[in-house]
Amino acid sequence: MELSTAKPRKMSRFVVLSLLFLLGLCHFSVGMTMKSNFIIHMAKSQMPEGFEDHIHWYDSSLRSVSGSAEMLYVYNNAVHGFAARLTAEEAESLQNQPGILSVLPEMKYELHTTRTPSFLGLDVSADYFPESNAMGDVIVGVLDTGVWPESKSFDDNGFGPIPASWKGECESGTNFTSKNCNKKLIGARYFAKGYESTLGPIDVSKESKSPRDDDGHGTHTSTTATGSVVQGASLLGYASGNARGMATHARVAVYKVCWVGGCFSSDILAGLDKAIDDNVNVLSLSLGGGNSDYYRDSIAIGAFAAMEKGILVSCSAGNAGPSPYSLSNVAPWITTVGAGTLDRDFPAYVSLGNGKNFSGVSLYKGDSSLSKMLPFVYAGNASNMTNGNLCMTGTLIPEEVKGKIVLCDRGINPRVQKGSVVKAAGGAGMVLANTAANGDELIADAHLIPATSVGQTTGEAIKKYLTSDPNPTATILFEGTKVGIKPSPVVAAFSSRGPNSITQEILKPDIIAPGVNILAGWTGAAGPTGLAEDDRHVEFNIISGTSMSCPHVSGLAALLKGAHPDWSPAAIRSALMTTAYTVYKKGGALQDVVTGKPSTPFDHGAGHVDPVAALNPGLVYDLKADDYLNFLCALNYTSIQINSVARRPFSCETSKKFSVADLNYPSFAVVFPEQMTASSGSGSSSIKHTRTLTNVGPAGTYKVNVISPSNSVKVVVEPETLAFTHMNEQKSYTVTFTAPSMPSTENVYARIEWSDGKHVVSSPVAISWT
């Protein structure tokens, strides 16, 4: 084809405007015809006469706005409704149909990526826990990336018949058959319709369209919760010993709802829907996303249905700490779990040419140390890029790093990928330095290159050496596994923090549990770093996140369910919360790794979980479904919004005064509006909370003690004594919080403890001003 060299003629203004108009129409048309996934919540009780069942009604409603749309899922348990792919115009039209409660767009959620049992006291306290035949009836459902069934942690040796209550299945698919399940791993399903309709068909050469876990995250969480005992477990020799889950005799069922492209709400709801129908007893979800009102939050809505059926739902709090208001999964019927550290570490020291040594951590497996001192360079000085200090792909100059140890700053790209970038550029090793965002928290990684991670303070000291010495050198010394680290636990820097951004009067997180450097089962399809170039195969991996702390609590909830089958989800959560500790055994308040100072209830909730104490809490704060619906009334939710959560009509009594402060929660978040205190004529203002305790132990008389380091807010409990004469007896009390008219500039924290001399039923108090 010959190119024309003639000059183009100028187009008239009319032609230009006409073209722009047509392009605008095209853009408008495309916008109106682009389809997205929506979840449609139906008022099932409003099904018109003439329909055989609700599915026909759902289909008819869909056909009324679209002749081509098909239902991706029909939901019967987690919600009443269906998922479909619609244009924005079709979704708006459907919203106006009779019987439609809401039409919500698909949301994408993300994963919140052997010593733990002994750290929690489970290894020496077996006599406190139910026999294996009682635990064998408890089923934990895990919604995650699937399962690697060949893991030794799913060994079913010694397990009896599958519980008669179980209604689930073991689905077949890519590289997975029903024979992969056994009497331990009793169910496995996968849900991908929402994912595929959004991102296209699954590439089975890259991930299995089946319950099989190609990622590792799901195998790690499920084995943390319920893994069988495996002797001689370790990651590349690190953390060697016996690996076991929290509830070794419980059964597990996995629901694969997360894929390479994320976890989509329509798939998550489908997993919840099936899990509820399958009759699991505990649900574990180590995933989350942005917060929204409860009637728009798919996880919150599905969790409400599970709670109503007696299923405890445990969710990760998120890894967006230490920023305030960073929590996920904050609905009061969800147990929200933050992360703390263990008393185990993996030291790897940086030795500098000036003779100074600095401690770090690493899971690198190779030579025990670098053979000699090597040239040392800061990545920011070995790059022409403004972000070269982060060691992102392609940012390092090979000539500047070859044969050297490189100091990289943490942030943006994965920690282990930074080492891979250094290696690709010819570097011999890496020191990974935290920035202010992570402080001095240390997380160990199985690097592909000799490397260690150091805290912010250490990183700054090393950078001073790099800038002051004309010929800086360094080496890295790997020390293996160390236990007995003090203080421990401390609240992890990444663990998301309160206050609760949806309902500030509900204190979240509820509790913290081990979530840093956790050893558990792993997939055979990916190396420990998850990087494509990592071809190492391991049976166990050590990773960190509230994704790891969540299944600890899920497994502990299974233990409590086995010991107390009649306890409600709220009672189990209450037992875990009111027996949690905030003081170390040898004294001193629980610490926050970010500040090095005592953590607060907005960081640790009720405290660090203590499973042995939780088995015998003495008293519990119980809740039923209608209590939560009254809570929604206190939030001024409309009947349609409440119906979206409750899946049934529910009207707030007009004659009744509803208060968030009356929800029988095991903790107290007291919020004084600034205008309330400023406008009070008496010089002070008061807020009253009401609580009811249920006796789940022997008869006893409990006396209250208020522990408050501050006198700025007066806390009065009435009555001060509660006498219980029989099991399941209930007694109520009120707490009045009185604050001065001048609002405080700092939050105030306290604890309310009830004790009969044998039990201590403790509740955290967080007081703030808005």
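The values are calculated or read from the model by the stated rules, or taken from the named source; none is laboratory data. Just so you know, these numbers come straight off a predicted model, no measurement behind them. As a convention, Cβ positions derive from the backbone with ideal geometry for all residues, glycine included, and neighbour counts pool all protein chains shown. Just so you know, the surface numbers come from the protein's heavy atoms only, side chains and all, with ligands and any DNA or RNA stripped out. Shrake-Rupley method; radii C 1.70, N 1.55, O 1.52, S 1.80 Å.
Residue 765 meets the conditions (1) open to solvent by 30 Å² or more (accessible area, probe 1.4 Å); (2) modelled with pLDDT of 95 or more in every case but one. The failed one is (1). Taking the range 656-685 as the range and being part of a loop (DSSP other than H, G, I, E, B) and at pLDDT below 90 as the test, the residues that pass are 673, 679, 680, 681, 682, 683. Given the criteria of a type outside the set (Val, Ile, Thr), open to solvent by less than 20 Å² (accessible area, probe 1.4 Å) and in a loop (DSSP other than H, G, I, E, B), does residue 551 qualify? In short, no.
Would you call residue 270 closer than 30 Å to residue 199 by Cβ and part of a strand (DSSP E or B)? It is false that residue 270 is closer than 30 Å to residue 199 by Cβ and part of a strand (DSSP E or B). Checking each residue in the range 262-292 for being among the small types (Gly, Ala, Ser) and open to solvent by 20 Å² or more (accessible area, probe 1.4 Å) picks out 289, 290, 292.
Select from the range 291-309 the residues that are part of a helix (DSSP H, G or I) and of a type outside the set (D, E, K, R) and list them in ascending order.
294, 295, 298, 299, 300, 301, 302, 303, 304, 305, 306, 307
Scanning the range 523-545 for any residue that is over 24 Å from residue 439 (Cα atoms), among the small types (Gly, Ala, Ser) and open to solvent by less than 10 Å² (accessible area, probe 1.4 Å) turns up at least one such residue.
In the range 182-203, is there at least one residue being closer than 18 Å to residue 217 by Cβ, outside any loop (DSSP other than H, G, I, E, B) and basic (Lys, Arg)? Scanning the range 182-203 turns up at least one residue that is closer than 18 Å to residue 217 by Cβ, outside any loop (DSSP other than H, G, I, E, B) and basic (Lys, Arg). What residue, of 529, 523, is more than 26 Å from residue 754 (Cβ to Cβ), part of a loop (DSSP other than H, G, I, E, B) and modelled with pLDDT of 95 or more? Selected residue: 523, the only one of 529, 523 that is more than 26 Å from residue 754 (Cβ to Cβ), part of a loop (DSSP other than H, G, I, E, B) and modelled with pLDDT of 95 or more. Of all the numbered requirements in (1) in contact with a helix residue (DSSP H, G or I) (Cβ under 9 Å, 6 or more places away or on another chain); (2) more than 27 Å from residue 496 (Cα to Cα); (3) of a type outside the set (A, V, I, L, M, F, W, C), residue 271 misses one, and that requirement is (2).
Residue 466: surrounded by fewer than 24 Cβ atoms within 10 Å (Cβ to Cβ) and not in a loop (DSSP other than H, G, I, E, B), yes or no?
In short, yes.
Scanning the range 728-756 for residues that are surrounded by fewer than 20 Cβ atoms within 10 Å (Cβ to Cβ) and in contact with a Gly (Cβ under 8 Å, 6 or more places away or on another chain) yields 740, 741. If you check residue 725 against the conditions, is it open to solvent by 30 Å² or more (accessible area, probe 1.4 Å), under 16 Å from residue 670 (Cα atoms) and of a type in the set (Ser, Thr, Tyr)? Criteria not met by residue 725. Checking each residue in the range 467-495 for being closer than 17 Å to residue 609 by Cβ and among the polar types (S, T, N, Q) picks out 488, 495.
When you scan the range 582-631, how many residues do you find that are hydrophobic (A, V, I, L, M, F, W, C) and in a loop (DSSP other than H, G, I, E, B)?
The qualifying residues number 7.
Residue 215 falls short on exactly one of the conditions (1) open to solvent by 10 Å² or more (accessible area, probe 1.4 Å); (2) more than 23 Å from the chain's Cα centre (by Cα); (3) not aromatic (Phe, Trp, Tyr), and that condition is (2).
Figure legend. Inter-residue proximity from the range 191-207: first residues closer than 18 Å to residue 147 by Cα, second residues part of a helix (DSSP H, G or I) and open to solvent by 40 Å² or more (accessible area, probe 1.4 Å), beta-carbon distance below 8 Å, spacing 6+ or different chains. Indicated pairs: 191/274; 202/196. Total residues in the range 555-597 satisfying the condition of being under 23 Å from the mean Cα position of the chain (by Cα) and over 30 Å from residue 304 (Cα atoms): the figure is 6.
Exactly one residue out of 350, 330, 313 is modelled with pLDDT of 95 or more, in a loop (DSSP other than H, G, I, E, B) and either among the charged types (D, E, K, R) or open to solvent by less than 10 Å² (accessible area, probe 1.4 Å) (or both): that is 330.
Out of the residues in the range 469-506 that are in a strand (DSSP E or B) and closer than 23 Å to residue 450 by Cβ, which is most open to solvent (accessible area, probe 1.4 Å)? In this case the residue turns out to be 482.
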